[in-house]
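Novice: Below is the structure I would like to discuss, written out as structure tokens.
The values are calculated or read from the model by the stated rules, or taken from the named source; none is laboratory data. A quick note: this is a predicted structure, and the numbers were derived from the prediction, not measured. Cβ: placed from backbone, ideal geometry, glycine included. Neighbour counts: every protein chain shown. Quick note on the areas: whole protein, heavy atoms, side chains included, nothing else; ligands and nucleic acids left out. Shrake-Rupley method; radii C 1.70, N 1.55, O 1.52, S 1.80 Å.
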Amino acid sequence: LVDTLSQKSFDLANECLEASEEVFSRVERPDRKSFLSLGELLARSNWRDVKPYMENGARVLTRLDKSQRSRFLMLAEEIARAPGVNVVSFLMDGATALGEIDPASHARTLGMAERLAACSAGAVGDFLRSAPQVLNRINEEQLDRWFEQGLGILQENEDGGLAFFRLESSRAERA
């Protein structure tokens, strides 16, 4: 990570190196490989995102169930490969949203997010941001049906699916 980053900005690479002890003291050992992998991808593709990632990534991971942190980072890595998606915003917003729902639901919710990523990386953040609000109104079984309906709309019409997962469509509100 630091080597790749130093090819873009020596100063930023040095800052990250100096911060690494503090950052990695907050990242659980099983999650470090995934954390570094995403950082490396950011250093190669959008190196300016490495600093906010290093400053905030470890902190936001604490909002997720421990068993799902690496999975969330791998999803973020998949999102980072998609054009036009701000992965740092995805990390912050996604982790915050997951932190608002029962940790026992994180695995199920991330499974849905992974399925969604295969269709539209942009829809994943919308889905995660809306999940707490939706789960305040319906149970998990109903969430499955709501998700499937939104996925079907997304596959037919991307704009309609995005609106659904942003809770901007009447169909999402009715479901």
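Novice: Suppose only helical runs count, i.e. DSSP H with n ≥ 4. What mean residue ellipticity at 222 nm does that imply for the chain under -39500 (n - 2.57) per run, divided by all residues and rounded to the nearest 500 deg cm²/dmol?
Specialist: Value at 222 nm, helices only: -23500 deg cm²/dmol.
Novice: Roughly how many whole Å is it from the C-alpha centroid of region 1-23 to that of region 101-175?
Specialist: Each part's Cα centre sits 36 Å from the other's.
Novice: Taking all pairs of different Cα atoms in region 78-175, averaging 1/r and flipping that mean, what Kirkwood radius in angstroms comes out?
Specialist: After inverting the pairwise mean of 1/r, the radius is 13.2 Å.
Novice: I've got another one for you. Among the aspartates and glutamates, which fall within straight-line cross-link reach of K66, defined as a Cα-Cα distance under 14 Å, with same-chain neighbours fewer than 8 residues apart omitted?
Specialist: Partners within reach: E28, D31, D102.
Novice: State the percentage of accessible surface on the chain attributable to carbon and sulfur atoms; use a 1.4 Å probe and exclude ligands, DNA and RNA.
Specialist: 45
Novice: If eta is 1.002 mPa s and T is 20 °C, what Stokes-Einstein diffusion coefficient results for the chain, Kirkwood Rh from Cα pairs, in µm²/s?
Specialist: 128
Novice: I would also like to ask the following. Any idea what % of Cα-Cα pairs in region 1-65 are farther than 13 Å?
Specialist: That tail contains 59 percent of the Cα-Cα pairs.
Novice: While we're here: What is the percent of Cα-Cα separations in region 77-118 that go past 17 Å?
Specialist: Of all Cα-Cα distances in region 77-118, 34 percent exceed 17 Å.
Novice: Could you do me a favour and compute the accessible area per residue for the chain, 1.4 Å probe, result in Å²?
Specialist: That works out to 51 Å² for each residue.
Novice: Also: Let me spell out the model: positive unit charges on the Cβ of Lys and Arg, negative unit charges on the Cβ of Asp and Glu, origin at the Cα centre of the chain. What dipole size does that give, in debye rounded to 20?
Specialist: Charge dipole of the chain: 160 debye, to the nearest 20.
Novice: Is region 46-88 rounded, prolate or oblate when judged by the Cα gyration tensor, a ≥ b ≥ c being the square roots of its eigenvalues, rounded requiring a/c under 1.5 and prolate requiring a/b larger than b/c?
Specialist: Taking the square roots of the gyration eigenvalues as a ≥ b ≥ c, region 46-88 is oblate.
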